[in-house]
Amino acid sequence: MRFSSWSLVALALFSFAATPVTPRGEPDGEVRALSLRTVTGGAELAIHVRGAVSVKDMTLADPARIVLDLTGAVLPADIKDQYDGVNRAGVVGMRIRQFNENTVRIVLVMDRLKPYRVSQADDGVHVAFGSDQSFAAWSTGSIPLVAVADQPADAAPVAETKVPARASKPKVEVVEPATEAADNTPVDSPFKERKLARVSPVYTAGQQRQEPRLTVSWDNASIQDVIAGFQAISGRSIILGKAIDVKVTAEIRDKPWPDAFKAILGAYGLSVQEVDGGILRVDAPETLAAIDSLEPRETAVVPINYAKAADLVGSVGGVLSKRGKVVADTGSNSLIITDSRSAIPSLRDFVTGLDIRPAQVAIQAKIIFVDRTDVEQLGFKYDLATGGQFYNKIIQRPDPNKEGEPYLPGVNVVDLGGNAISAIANADAIVSSSALDLTYSIALGGFTLSSFLSALERVDLTDVQTEPVITTKDNKKASLLVGEEIPLRVIDASSLGGGAGQAPRATVQFKEVGIKLNVTPHVTNNRQIVLDIETERSAVKLLSAADLGFSIDKQNTKNEILVSDGETAVIGGLTVTTVTRAKTGIPLLGSLPIIGSLFSFTINTENRKDLIILVTPRIVDDQAQDN
């Protein structure tokens with residue numbers, strides 16, 4: 001059956017809020033005794049009642065309490081507050097009162113709010129808890145009670161207060177959201193197998209209570225009655241425009257009242273606007289827009305503590321009305337906001353939400369650069385000549401025309417008679433700064449054979465380690481440079497045509513070379529750190545000593561990694577290895593196996609450059625300051 005009025009909504013709301021409803025006449029029920037005992041899988045509070053009663057329950061915090069109202073019952077004079085204060089399944093206190101002439105209120109003081117279940121059987125009301133240990137039973141009165149675990153599985157559920165239906169009124173049922181009771185109840189507990197009316201929700205400290213849910217039907221109901229019903233359920237002040245005349249036909253099943261309210265207004269072309277004092281105004285969208293355009297404008301100066309005011313202009317401008325504007329004052333780091341008077345408080349809150357204290361991130365980097373060069377040189381040189389004919393490149397010989405005076409290097413003496421030979425092997429091969437020099441000379445008839453062995457093995461090692469530390473704000477770029485600026489001469493070739501004998505114009509440019517590290521940290525909601533890292537190692541290499549130009553050797557990486565607070569990230573891969581092998585020798589003889597080394601000259605050079613960067617970010621902000 002469908003109804004067309006909301007006049008009984010307040011009565012249904014009282015039932016939801018556990019406010020006792022006093023029927024006419026004397027109560028039918030009586031509380032006979034209470035017992036708190038251990039049962040299979042948990043604990044139970046049994047309230048023995050004689051007669052017909054109905055029960056409502058709710059939870060309160062600070063301190064944690066479970067409130068039970070037994071409507072239609074009275075409390076005998078011999079049952080008082082007799083609880084001994086022992087912690088039994090989380091119950092540390094109990095208060096029993098005759099709340100009014102028709103309602104008995106029982107308040108359980110808990111050490112913490114915990115899931116529970118309420119059921120009603122023929123003998124009374126049972127409240128079941130999860131419990132992981134047994135305890136000594138407690139009771140008041142002398143009538144034995146039956147535990148929930150001993151009741152049949154189809155015991156009667158909690159009886160709700162019934163509101164008689166009328167043909168002209170809508171049927172309203174306010175439903176509190178159910179929660180699971182699995183936190184402290186074992187899997188094999190009989191409480192999970194019972195058909196109970198409701199599991200009361202538990203709200204811990206700081207947790208926001210959910211909005212009441214409702215099930216309702218309208219059949220050609222006036223919008224005034226619908227608004228009045230929502231006002232009673234929500235506790236909010238709602239004003240309806242005077243020109244609104246709408247008939248509502250709809251049905252809502254178990255939905256939060258704000259969602260149902262918005263859906264009904266949207267279905268009939270209405271909008272809602274919150275004005276000063278938290279009052280909700282319902283009217284046509286164009287009417288609300290017209291009212292907003294007539295509202296006086298107001299200007300507010302909102303100081304910014306952490307962010308830059310200019311950076312927030314775009315975000316704040318996106319939520320302003322058509323009449324609003326925002327300007328950043330860089331001198332005071334404030335936002336100057338102009339908009340409707342009713343919109344200013346919400347804009348202040350919006351700016352406050354953006355202007356939060358950013359996290360500080362300390363970035364410790366360890367940069368290791370290793371440059372190693374291995375050089376091996378080995379070669380043989382020969383000088384075969386007579387006293388009167390020679391190639392003067394290795395051994396200087398006296399001038400036959402000038403006794404006692406040697407020939408200068410590069411002066412050769414050749415006997416055109418052809419009765420002698422001279423030879424030089426690898427005369428131009430030189431081992432610079434050789435570590436081993438051996439000379440052997442032997443006379444072969446009229447010839448002198450001189451052999452020279454030169455050998456060198458050299459290792460050059462450069463190991464550079466730096467550990468810079470820098471602190472930056474969240475989402476702000478930090479840069480590190482370990483290196484130097486090198487002046488480089490740049491020749492302007494176009495200046496050569498200025499005139500004969502005119503020197504070309506040269507300029508000096510400074511180039512940054514070394515190790516660069518650019519890091520942008522971002523602190524996530526779970527206090528991990530995302531690092532956007534750019535690394536670069538560079539060095540200048542001159543092409544010629546005659547100002548013909550230069551080149552810059554670079555190795556760089558760019559990546560993004562996720563690390564925990566205090567965790568070290570290793571950046572590798574910047575390794576360069578250069579191997580150079582050179583060999584000169586006498587043709588054919590230098591290529592012979594085994595003995596070929598006696599007629600050749602070899603140079604082996606290996607250069608290896610390793611760059612390792614270790615980055616360790618740490619969050620250094622004080623969380624206590626944010627609270």
Worksheet, complete the sentence: So for the range 385-437, using the alpha carbon gyration tensor with a ≥ b ≥ c as root eigenvalues (a/c under 1.5 gives rounded; past that, a/b versus b/c decides prolate or oblate), I'd call it oblate
Worksheet item: Relative contact order for the range 370-529 using alpha-carbon pairs under 8 Å, separation at least 6, rounded to a whole percent?
Response: 23
Practice prompt. Pop out the ³J(HN,Hα) list for the range 476-482 in order, Karplus 6.51 cos²θ - 1.76 cosθ + 1.60 with θ = phi - 60°, rounded to Hz; leave Gly and Pro as x.
Written response: 10, 6, 10, 10, 10, 10, 10
Worksheet, complete the sentence: Taking the range 272-313, the whole-percent share of alpha-carbon pairs separated by over 11 angstrom is 75
Worksheet, complete the sentence: Whole-Hz Karplus couplings 3J(HN,Hα) for the range 43-59, θ = phi - 60° and coefficients 6.51, -1.76, 1.60, Gly and Pro as x, run 9, 8, 9, 9, 10, 7, 10, 9, x, 8, 9, 10, 10, 10, 9, 7, 10
Worksheet item: How many angstrom separate the Cα center of the range 84-143 from the Cα center of the range 515-544?
Response: 64
Fill in: Rounded percent of accessible protein surface that carbon and sulfur make up, the range 396-481, 1.4 Å probe
53
Worksheet item: Residue-wise, which Karplus ³J(HN,Hα) couplings in Hz belong to the range 233-247, taking 6.51 cos²θ - 1.76 cosθ + 1.60, θ = phi - 60°, and x for glycine or proline?
Response: 6, 7, x, 9, 8, 10, 10, 9, x, 5, 8, 8, 9, 10, 9
Practice prompt. Report, to the nearest whole %, how much of the accessible area of the range 335-389 belongs to carbon and sulfur atoms, 1.4 Å probe, protein only.
Written response: 56
Practice prompt. Search the structure for amide H atoms under 5 Å from the amide H of I552, placed 1.01 Å from N in the peptide plane, and list their residues when 5 or more places away or on another chain.
Written response: K541
Item to complete: Loop only per DSSP, at most 15 neighbouring Cβ atoms within 10 Å: give me the trypsin sites (Lys or Arg not before Pro) in the range 419-486, ordered by residue number.
Response: K476, K477
Item to complete: Over the range 371-487, average the accessible area per residue using a 1.4 Å probe and give it in Å², no decimals.
Response: 64
Worksheet, complete the sentence: Under 5 Å from the placed amide H of N392, counting only residues 5+ away or on other chains, we find G410, V411, N412, V413
Worksheet item: Of K308/K541; K554/K583; K262/K476; K56/K242, which sit over 32 Å apart, Cα to Cα?
Response: K308/K541; K262/K476; K56/K242
Practice prompt. Collect residues whose amide H, placed 1.01 Å from N in the peptide plane, falls under 5 Å from the amide H of A64; neighbours closer than 5 in sequence don't count.
Written response: M110
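The values are calculated or read from the model by the stated rules, or taken from the named source; none is laboratory data. Here the structure is a predicted model, which is why all the values come from computation and not from measurement. Neighbour counts are summed over all protein chains in view; Cβ atoms, including those assigned to glycine, are modelled from backbone coordinates with ideal geometry. The area values use the complete protein model at the heavy-atom level, side chains included, leaving out ligands, DNA and RNA. Shrake-Rupley method; radii C 1.70, N 1.55, O 1.52, S 1.80 Å.
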